[in-house]
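Right, one structure below, let's go through it.
What follows is calculated from the coordinates using simple rules that are stated; it is not laboratory data. Keep in mind it's a predicted model, so treat the numbers as computed, not measured. Note that we place each Cβ from the backbone using ideal geometry, even for glycine, and neighbour counts take in every protein chain shown.
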Amino acid sequence: MISPMKNETLFGEDDGLLIPDVGPWTEDKFDLIRLYCQIFSSAMKNKWTRVYVDLYAGSGLCRIKGRDQVLLGSPLIALSVDAPFDRYIFCESDPERFSALKSRVEKNYAKHNVHLVAGKFEEHINDICSKIPGKSLVLCFVDPFDCDFDIDNLKTISKCARGVDFLCLLALQMDAKRNVPHYLQLDSKIDRMIGNTTWRTRWNERTDIHEDFAKFLAREFAQSLSEVEYLETPLHQMREVKTLDKNVPLYYLAMFSKNQTAFKLWAQVLKYSNKAACSNRRSKCHLAQPSNGPTPPGIRCAAARKSAPAVRTATPNDLRSVFAEFQVIPLNKASTFAWYRKSSRILFGGSPPRRSLSIR
Ligand SMILES: C[S@@+](CC[C@H](N)C(=O)[O-])C[C@H]1O[C@@H](n2cnc3c(N)ncnc32)[C@H](O)[C@@H]1O
């Protein structure tokens, strides 16, 4: 059963249905989508009809390879925000994943306004668009396994409502960069992803012969969306997610919007979830209850909410991700940490901890 937890929730429980294995870096993706959904849905509440669309929804739960913990996938993360969206649309092509997602949504989120679409989203664009009110503000998460998708479908969805923001996973390092010679030939899936064939000429005529193929394509993707009035997302606003062990780049997570507000919100998310948070997540720490200071999104003090039990203890990187301006100082070899402001005033500290600051 998935506990009725709010936005800070990252964890579910094995319910006997399909739980696919994922790489450890997936946690970084979930942090970013969780923070963005939380900020977006709260900021736009009572201003817009807010619609969350997940084109590659998955089964709703997953498990990091080699670990026992079960993580909420993007659709359930979006359902768990403090100010739920007015409507949710989830598409999933794999029948077993779809069936697991449907069961989980019906069992745990029955009161939310959810539309489930079985099959490839490309084959249901009209259906998806018909479920989006014209005056709504849409956050559309695009989370494919690889580069095999057609940007024209996003351009079509972009016309469904007054505002459609895309949070896209661009699997350029994982897929595109490993197959450069193949993709340089005509009629590759990169043509569909970028939406033109002229990128090849620009690549061949590039002035910097050391230019990175993935970075080049990320810019081309942004340029292509700018043809339908999207602001051109610069590379530095795209989060590069890397493997935890070897620091190998995997993909970009990038926001695409016609409106500057989305970039302001995304910048906040990037600030909270700084690069350090996207590296080593394994060392655990125990932290004393904060004496004062802000409560960051995604983290609550277990003691402050007695009804909701802690699920796990925060790691240094969890906290680094939300307190970008704080430094973490190891106190001893047993991985107990103190947290300092830059001014050196202790905000959190303790060894052993009196109470744990926990993420639920
Ligand atoms: C990387 S997983 C996404 C998982 C999910 N977003 C999450 O964060 O938990 C991609 C998912 O999209 C599904 N999928 C692949 N192609 C699809 C398509 N054309 N339309 C809808 N779903 C698709 C796959 O079966 C898989 O479950």
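How big is the convex hull of the Cα atoms of the range 1-140, per residue, in Å³?
Per residue, the Cα convex hull of the range 1-140 comes to 96 Å³.
Using only the alpha carbons of the range 141-180, determine the length spanned along each of the three principal axes and report them from longest to shortest in whole angstroms.
Largest first, the range 141-180 extends 37, 16, 12 Å along its Cα principal axes.
Tell me the Kirkwood hydrodynamic radius of the range 11-276 in angstroms, computed as one over the mean inverse distance between distinct C-alpha pairs.
19.0
What residues have an amide H closer than 5 Å to that of LEU250, excluding those fewer than 5 places away on the same chain, when H is modeled at 1.01 Å from N in the peptide plane?
Placed amide hydrogens put VAL241, LYS242, THR243 under 5 Å from LEU250.
Can you work out the base-10 log of I(q)/I(0) for the range 162-239 at q = 0.20, 0.23 1/Å, using the Debye formula on its C-alpha atoms alone?
For the requested q values the scattering log ratios are -0.93, -1.22.
Starting from the range 185-235, pick out the GluC sites (Glu not before Pro) whose DSSP state is loop and whose Cβ has at most 10 other Cβ atoms within 10 Å.
GLU205, GLU229
Rank by packing, highest mean first: peptides 51-58, 88-95, 19-26, 244-251, with packing defined as the count of other Cβ atoms within 10 Å averaged across residues.
For the peptides 51-58, 88-95, 19-26, 244-251, the packing ranking is 51-58, 88-95, 19-26, 244-251.
Using packing as a proxy for protection, rank 69-77, 172-180 so that the peptide with the highest average count of other Cβ atoms within 10 Å comes first.
Highest to lowest by the protection proxy: 69-77, 172-180.
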